[in-house]
Amino acid sequence: MGVFVFLPLVLPLTAWPIARLAEQHLHPRTATRLLAGVGALMALCSTLCLALIMVVGTAQLPGNPLPDTWSDPEVREAVPYDEVVGKAAIPALVAVAVAAVHTAWRQRRVRRRAERALEGLPPSPVAVLPDDAPYAYALPGRSGAARGRIVVSTGMLARLDSRERRALFAHERAHLTARHHRHLLAARLAARANPFLRPLQTAVAYCAERWADEEAAGEIGNRRVMARAVGKAAMVSRGAPFPVQAGFATGPVPRRVAALLGPVPPARTWPPAFTAAGVALWTAAAGTAVSALSSANSAVALFLVLRAATPL
Amino acid sequence: MGNRETAGSLPAGGGRRRGQGELEAQVLAVLRTAPGPVTAAWVQERLPGELAYTTVMTILSRLQAKNAVARQREGRSFAWEATADQAGLAALRMRRVLDGERDREAVLTSFVTSLSPEDEQVLRDLLGHTDDDPEE
């Protein structure tokens, strides 16, 4: 097996170019799904790879609960530099587990707190809250149950005209209908599993917004109104007491507005291979496939080695 | 990161265990039917189910911390008065969630993220063409 065992840990490095290309050249729907999927799969492979290395690493520690034969020379041959890597894999895997649980727990907490905040209000799809601070959020519903609700402040509504309000509601409804929070959570968890996957997290967040923008623009039938709603909302939200994401280059909002003022993105899902979008797709597909294959290869090989070493 | 809102869930009498947000909403609803400032005992009597006096007091202080009710001293006890309605309470609570959670982005997909000063200029330039656009 040799150093190929480590491939799934390093392949997520391809996330950055994939994210850049997909963001710029694919339809936002395709890009969101592709990037979230690639992220989840690469994260799984990387974690599996860590787990396998850890098994070998743990088996050589005195007092471990694994069969002693698992640290036999034949087994250790399967993983290069097993002494160092095996031991390093243990804290790495623990860190991944802790980070994933922490992220999932925080998600749950925000959701429950937000739900609790709305308790006592009639269960309408839109909750209008009397607050001068302009904000609008989509709060996803529990799986299977209601589709979630849109939370919007009177401060936000007062600053938009009626067409822009329709645009805003259409945008948030698109988030809820397509259950974008799942894509976002997948990307977040992936970024915790392997730091190389972090570019995917911001890319998925941006693409999900673009996706909702495009859906909404289609629904209200006017891209300029949609663009204006996004732009106006962003400008009035400045100075609202919510933390600003430190922006470098041009932030996501102007890019969204610029995209809306441009033409409708082509909805083709699989562009030809020799365009930038095609390169993005094919790189993503190839990287993920190699990652998955090498993980599977490592898993199977190590399983066979361990089985051969275990006297039954 | 302590979560004050989940710590010490309140035991509620009368069948189903009520969530804290719901209890707050109920207490506020009762308070809003009051002719003027009333005591906690007055609220307790009119609440559905059988809540302990201390529980009602706890909820009232919590509502006060959220600026949804106000109190004034009346003899040896306090008289309570609602200063917000149900939607107002929800707004106050939502504001606390939004202000307190940095990590909310993946759950609550916000309509827009904030702008840097450069972003704002870019945005003004972009929208400059559409603002004077007489559509429809």
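The values are calculated or read from the model by the stated rules, or taken from the named source; none is laboratory data. The structure displayed is predicted, hence computed values, not measured ones. We place every Cβ from the backbone using ideal geometry, glycine too, and count neighbours over all the protein chains shown.
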- Message: I'd like the full set of residues that are assigned to a helix (DSSP H, G or I), facing another protein chain (nearest Cβ under 7 Å) and over 19 Å from the mean Cα position of the chain (by Cα), limited to segment A:90-134.
- Response: A:R113, A:A114, A:R116, A:A117
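Quick check, is A:T30 modelled with pLDDT of 80 or more and assigned to a helix (DSSP H, G or I)? Spell out the reasoning first.
On the way: modelled with pLDDT of 80 or more: yes; assigned to a helix (DSSP H, G or I): yes.
Yes; evaluated as a whole, the condition is true for this residue.
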- Task: Working carefully through the options A:S162, A:S153, find the one that is of a type in the set (S, T, N, Q), out of contact with any helix residue (DSSP H, G or I) (no Cβ under 9 Å at 6 or more places or on another chain) and on the phi < 0 side of the Ramachandran plot.
- Result: A:S162
- Pick from segment B:68-83, criterion at pLDDT 85 or above and not in a strand (DSSP E or B), ranking: farthest from A:A133 (Cα to Cα): B:T83
